[in-house]
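Chemist: I am attaching a structure below and will ask some questions about it afterwards.
The values are calculated or read from the model by the stated rules, or taken from the named source; none is laboratory data. Keep in mind that what you see is a predicted model, and the values were worked out from it rather than measured. Cβ sites come from the backbone with ideal geometry, for glycine too, and all protein chains shown count toward neighbours.
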Amino acid sequence: METALVVPEQKEHELPCIRFRPPKRPNYGRIGREIILRTNYYRMKIVAEKVQHYSVEMSTTMCSRKTNREIFTRFLATYPDHFADMHPVYDGKENMYTKKLLPLDHQNLSVVLLVPVESGGRPRLVTVSVKWVGEISLMSNDNLKYEAIQVIDTILRHVPSLRYATIGKSFYYKPLPDQGLSLGGGREIWMGYHQSTKLTRKGCMLNVDVSAAAFHTAIPVIEFLSKVLDLPENLRISVMEQGITHSQHHQFSKAIKNLYIELAHFPTRSRMRKVINVTEQPADELIIDKNLPDGSTKKCTVAQHFLEQHQITLQYPHLPCLQVGLIEFPSYFPIEVCILADYQRCVKKLTEGQKSQMIWASAKPAPDRMRAISKQRDALEFELDPCVNDFGIQISSNMTELKGRVLRPPSLVYSDNKSPQKDASKSPTDGAWDMRPYKFLDGIHITCWAIACFAEPKEVHEDCLTRYVHLLRKISQESGVPITEYPVFCKYGHGVEEVELVLRFLKETYPDLQLVLVILPGKHDFYPEVKRVGDTLLGVTTQCVQAKNVVKTFAKTAANICLKINAKLGGVNCILNPQHRPQIYNESVIFLGCNVTNITVADTAIQSVVSIVGSMDAYPSKYAATVRVQESQDLIADMAAMVKELLLRFHRNTGFKPSRIVVYRDAALENMFHEILQYELRAIREACKMIEKEYEPGITFIAVMKRHHTRLFAIYPMHQTGQSRNIPPGTTVDSVITHPTQFDFFLCSHAGIQGTSRPTRYYVLWDDNKMPADEMQQMTYQLCHTYVRCNRAVSIPAPAYYAILVCTRAKIHLWEREQDREREGGSEDSARLDLSHLARAVQVSTINSKIVHNSKNFRL
């Protein structure tokens, strides 16, 4: 895995002169058995043909959308004559829309209002200026502009935005007292819904889905402190009175930084303040300069100030204070006089336990989710919304029904257990398969391996290790990756600090070492350190196993471990049956997967880890990877160099230059498609030109979207699969709810185990290879079966999945650096200075960088 630091100049972001346009849909897919579906899209009828667009400017700056909407509401109530019988809608920033022109001179209006611009703050004079911009057509056709979709969204969202907590295109209800679902740590679950307008083949539709999000509970900060530290009831008072330890201070500071507070003891001054720090000194030691009536100042502690100025004797003077305001002019408040402000979404990482609770609360079987969505649609009551009615928008109360197709799963080739010279095929059932009685197509023989157990001996006894070794060797023989010898080393380690010591000893003592099996008491701390040391420092192949899976052994778990081990050591588990693959395989083709993952500090994305993986054989079964660290952005800045590197590797491994390139690009936002296409397609072409001036392989560029709210439901029970009664794997939709003219489709390739399956949306941004719909969909579906870590179809094609894994692993390699930064209380600015250090941190040891191994010539 090659790495580099990339800090591109601005000119690298300039779009090329030639504008690439996504291809038109070539045709609709025909292959597969028919299935009748229902989707959470509601048909929409728009009576108005056009709306009037006005810009809105307010003299206040840096206000939230919520505050802006409150000001706008006051503006409408104060000057109703300017709007006659109309109901203007506002997006919370700069845009207002009306159904017809306002009765204004020159279509401009500027007024002054006396309004509170902050929660609980003193009223201030605010100037609101409205200026006509132009007309926007709402005629529903294939060329409806993105601007018109924004207008419709604003109309439908105007009233809910005034009532509920708004996050993106979702709304959340504050739970009633004592009815919230607690997540612990001062966090709770708020239920809500998502709605967005979609332009489809059948015109505009409204996408409605139920949703859940984590919010901070509006409680006194003193209570928040005890919840964050998870203090037992019988120890809370004593801890508060004595003060908190250094580690507790760090834990609390990390949890409350950047949250907003209000002052519980000063109702007339209860405006929200942002916490920028937690003081090291307690309130009875922190010295401040107190202003006196005569203009002079005197030094006193915060505790003294509150006693003299506010007649408040602090109950917990040994606790630290919250620092708010500007860094240059800070203010300090004792924890016990502060409460967390309401309506604050939790943007920081949830703990593993909190994630599990979120899944438990939001995961519903498909029929239950369908009913919940229908109930939510009825509760929206668009028929009673004055703004919706004013613009003449009508929305169906029934979900859209449509026909889909279930694609046939691919045939997978293994080695015949009884006759090693023969190959055997397996076909998945409901998205999964059991490889027995066959073996891996190309299994690696393991003769030198070791075990390092970092779980306590009392947790994992020696006899547990012995039993696990016997089971693993037995399953490995059956799977075709035979562990022919007992481990050369099997000892206990103690603490994270011994990980490097143990792995270095093994590497130096056993030069032929192929694998170290590392048994962990838990992923936290140990796992990232094992991968950082093994991958980046020593080049030692490691396979981590949870202690609980060693104590309580299962053959299936051991078989999954063997899948990973064989792939890590360069073996091939299985391949797609060449006789049933799409025509694109008839020529040499390389599959690329691309991903961008942000590195966050203080909840702000400051850098990005980007990866591109490429297939290195004709099957495709083996992949190489490149990774970079760059300034935070959604484009892959060094894409040309990264693709060139993979193309050259493919040539070295196969002897051919790819004549076709298929790219699966993980994309979070649809509004980034245009930029991604213009910049990254051009970069791929540049990579080809760098190799050879006349080298012009056909490029197919596909955006992969998992983060969306489209859901598909099988109407008839006979089509439902699994305990959650989801749509069957292979369900494909490329009509009705897809783009009117461009080439996109929805494909659910995996079997939903918990909750409702989310289909992946694929958007073809470019296609030199002129693939018809059936071939594009089959190619994509088959690649979802080539992920080496499990015998199940996954939700996205393997190249895209591997790119995500590479970014995740690179972030794990940064683990030690992150620990140092947190211990030092590092800021966003200090992290930026370490960008070059981050690049070195993710670099994989050259000893272990040969991800791609020479393949045997398999008989197919």
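Chemist: If I filter region 38-50 down to residues being part of a strand (DSSP E or B) and within 24 Å of Ser170 (Cβ to Cβ), which single residue comes out as modelled with the lowest pLDDT?
Modeler: Ile46
Chemist: Scan region 435-445 and tell me whether some residue there is in contact with a strand residue (DSSP E or B) (Cβ under 8 Å, 6 or more places away or on another chain), part of a loop (DSSP other than H, G, I, E, B) and β-branched (Val, Ile, Thr).
Modeler: The answer is no; no qualifying residue exists.
Chemist: Could you list, in sequence order, the residues of region 150-178 that are in contact (Cβ under 8 Å) with a residue 40 or more places away in the chain, of a type in the set (A, V, I, L, M, F, W, C) and part of a strand (DSSP E or B)?
Modeler: Once the filter is applied, which keeps residues that are in contact (Cβ under 8 Å) with a residue 40 or more places away in the chain, of a type in the set (A, V, I, L, M, F, W, C) and part of a strand (DSSP E or B), region 150-178 yields Ala165, Ile167.
Chemist: If a residue has to be farther than 30 Å from Lys657 by Cβ and of a type in the set (A, V, I, L, M) to count, how many in region 696-727 make the cut? Before the answer, list the steps.
Modeler: Step one: filter region 696-727 for residues farther than 30 Å from Lys657 by Cβ, giving 705-727.
After this cut, where a residue has to be of a type in the set (A, V, I, L, M) as well, the list is 705, 712, 714-715, 718, 727.
Qualifying residue count for the region: 6.
Chemist: Restricting the search to region 60-85, which residues are of a type in the set (S, T, N, Q) and either modelled with pLDDT under 90 or under 25 Å from Phe171 (Cα atoms) (or both)?
Modeler: Pass one, region 60-85, residues of a type in the set (S, T, N, Q): 60-61, 64, 67-68, 73, 78.
Across region 60-85, the qualifying residues are Thr60, Thr61, Ser64, Thr67, Asn68, Thr73.
Chemist: Starting from residues that are without any contact (Cβ under 8 Å) to a residue 40 or more places away in the chain and basic (Lys, Arg), keep the ones in region 336-389 and report whichever is nearest to Thr39 (Cα to Cα).
Modeler: Top of the filtered list is Arg371.
Chemist: Within region 652-682, count every residue that is assigned to a helix (DSSP H, G or I), more than 19 Å from Met705 (Cα to Cα) and of a type in the set (Val, Ile, Thr).
Modeler: Residues that pass the stated criteria total 1.
Chemist: Here is a further query. Out of all the residues in region 504-539, which are within 28 Å of the chain's Cα centre (by Cα) and surrounded by fewer than 15 Cβ atoms within 10 Å (Cβ to Cβ)?
Modeler: Gly522, Lys523, His524
Conditions (1) surrounded by fewer than 23 Cβ atoms within 10 Å (Cβ to Cβ); (2) of a type in the set (S, T, N, Q); (3) assigned by TED's automatic domain parsing to the domain that holds Cys594, marked per residue:
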| position | (1), (2), (3) |
| --- | --- |
| Arg628 | no, no, yes |
| Glu631 | yes, no, yes |
| Asp634 | yes, no, yes |
| Val643 | no, no, yes |
| Thr654 | yes, yes, yes |
| Lys657 | yes, no, yes |
| Arg665 | no, no, yes |
| His674 | yes, no, yes |
| Ala687 | yes, no, yes |
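Chemist: Looking at region 347-357 only, could you name the residues that are surrounded by 12 or more Cβ atoms within 10 Å (Cβ to Cβ) and within 15 Å of the chain's Cα centre (by Cα)?
Modeler: Selection gives Val347, Lys348, Leu350, Lys355.
Chemist: Do we have any residue at all in region 346-366 that's at pLDDT 95 or above, part of a helix (DSSP H, G or I), of a type in the set (A, V, I, L, M) and within 27 Å of Gln723 (Cα to Cα)?
Modeler: So far as region 346-366 goes, yes, one or more of its residues are at pLDDT 95 or above, part of a helix (DSSP H, G or I), of a type in the set (A, V, I, L, M) and within 27 Å of Gln723 (Cα to Cα).
Chemist: Could you tell me how many of the residues in region 70-89 are among the aromatic types (Phe, Trp, Tyr) and in contact (Cβ under 8 Å) with a residue 40 or more places away in the chain? Write out each step before concluding.
Modeler: Of region 70-89, the ones among the aromatic types (Phe, Trp, Tyr) are 72, 75, 79, 83.
Within this subset, residues satisfying the condition of being in contact (Cβ under 8 Å) with a residue 40 or more places away in the chain are 72, 75.
Selection size over region 70-89: 2.
Chemist: Additional query: Which count do you get for residues in region 312-338 that are charged (D, E, K, R) and on the phi > 0 side of the Ramachandran plot? Let's see the steps before the verdict.
Modeler: Filtering region 312-338 down to residues charged (D, E, K, R) leaves 328, 336.
From what's left, on the phi > 0 side of the Ramachandran plot: none.
The total comes to 0.
Chemist: Return the residues of region 713-751 that are among the hydroxyl-bearing types (Ser, Thr, Tyr) and either within 15 Å of Lys202 (Cα to Cα) or within 26 Å of the chain's Cα centre (by Cα) (or both); say none if nothing qualifies.
Modeler: Listed by number, the residues that qualify are Ser724, Thr731, Thr732, Ser735, Thr738, Thr741, Ser749.
Chemist: Residues that are surrounded by 18 or more Cβ atoms within 10 Å (Cβ to Cβ), at pLDDT below 95 and not in a helix (DSSP H, G or I): does region 395-411 have at least one?
Modeler: No, every residue in region 395-411 fails to be surrounded by 18 or more Cβ atoms within 10 Å (Cβ to Cβ), at pLDDT below 95 and not in a helix (DSSP H, G or I).
Conditions tested, residue by residue: (1) among the hydrophobic types (A, V, I, L, M, F, W, C); (2) buried (at least 19 other Cβ atoms within 10 Å of the Cβ); (3) touching a residue at least 40 places away in the same chain (Cβ under 8 Å); (4) over 27 Å from Leu322 (Cα atoms).
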residue	(1), (2), (3), (4)
Glu135	no, no, yes, yes
Gly184	no, no, yes, no
Glu188	no, yes, no, no
Gly192	no, yes, no, yes
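Chemist: Within region 480-530, which residues are acidic (Asp, Glu) and in contact with a helix residue (DSSP H, G or I) (Cβ under 8 Å, 6 or more places away or on another chain)? Spell out how you get there, then give the answer.
Modeler: To start, the set of residues in region 480-530 that are acidic (Asp, Glu) comprises 485, 497-498, 500, 508, 512, 525, 529.
Residues satisfying the conditions are Glu500, Asp525, Glu529.
Chemist: Still on this structure: Looking at the structure I just gave you, is Arg809 in contact with a helix residue (DSSP H, G or I) (Cβ under 6 Å, 6 or more places away or on another chain), crowded, with 16+ Cβ neighbours inside 10 Å, modelled with pLDDT under 95 and not assigned by TED's automatic domain parsing to the domain that holds Phe526?
Modeler: no
Chemist: Take the residues in region 569-609 that are of a type in the set (A, V, I, L, M, F, W, C), in contact with a helix residue (DSSP H, G or I) (Cβ under 9 Å, 6 or more places away or on another chain) and modelled with pLDDT of 95 or more; name whichever of them is nearest to Leu513 (Cα to Cα).
Modeler: Result: Val572.
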